[in-house]
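Input: a single structure, listed below in structure tokens.
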Amino acid sequence: MTDIDYYKNIFGGVVGEDTESILSRSRWELERFINGKPVTKEQENALQEAVCLQAEYMEGCGGISAWRAAVTGTGGGFTIGSFSMSGGSSAVSGGSAAVNGCGICSSALDLLGRQGLLYRAVRVI
């Protein structure tokens, strides 16, 4: 399991007050896309790195709630003076775009894919 020590000292992430919950949620989200458990040490390392990348991505979105709102397009609105903006977007801007609205950063998916960890299936219609 990816912990704060790994995130801070090996990955080089910045630890905040919500880092532990963000790491946990990142792992949970990524496990929805992987095919079984990592078998090799390289696969386990790739999963830990992907969890850190996803956590960094979620943190960059403003935390778990803001990340979820951005992915689902349910972001609320705001008003500053006479300027008002409402609604949400299903993609988050930045270097790691949400893929197919799933909210997983492209860097994490790429890393897991290179290690053969992504679930692959054929859609039956």
Filter result for ALA50 (within 17 Å of the chain's Cα centre (by Cα), buried (at least 18 other Cβ atoms within 10 Å of the Cβ) and either of a type in the set (Gly, Ala, Ser) or modelled with pLDDT of 95 or more (or both)): yes
Among the residues of the stretch 78-87, is any modelled with pLDDT under 95 and either assigned to a helix (DSSP H, G or I) or in contact with a helix residue (DSSP H, G or I) (Cβ under 9 Å, 6 or more places away or on another chain) (or both)?
no
Of (1) aromatic (Phe, Trp, Tyr); (2) crowded, with 20+ Cβ neighbours inside 10 Å; (3) under 20 Å from LEU118 (Cβ atoms), TYR7 fails just (3)
Among residues of the stretch 53-75 being among the charged types (D, E, K, R) and over 10 Å from CYS105 (Cα atoms), the residue surrounded by the fewest Cβ atoms within 10 Å (Cβ to Cβ) is ARG68
So, first residue in a helix (DSSP H, G or I) and at pLDDT 85 or above in the stretch 98-122, second residue loosely packed, with under 11 Cβ neighbours inside 10 Å and of a type outside the set (A, V, I, L, M, F, W, C), Cβ within less than 9 Å, six or more apart or across chains; the pairs are SER106/GLY95; SER107/GLY95
Residue hits (the stretch 11-24; at pLDDT below 95 and among the hydrophobic types (A, V, I, L, M, F, W, C)) are VAL14, VAL15
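The values are calculated or read from the model by the stated rules, or taken from the named source; none is laboratory data. Bear in mind the structure is a predicted one, so any value in this text is a computation, not a measurement. Don't worry about glycine lacking a Cβ; one is built from the backbone with ideal geometry, like all the others, and counts go over all protein chains shown.
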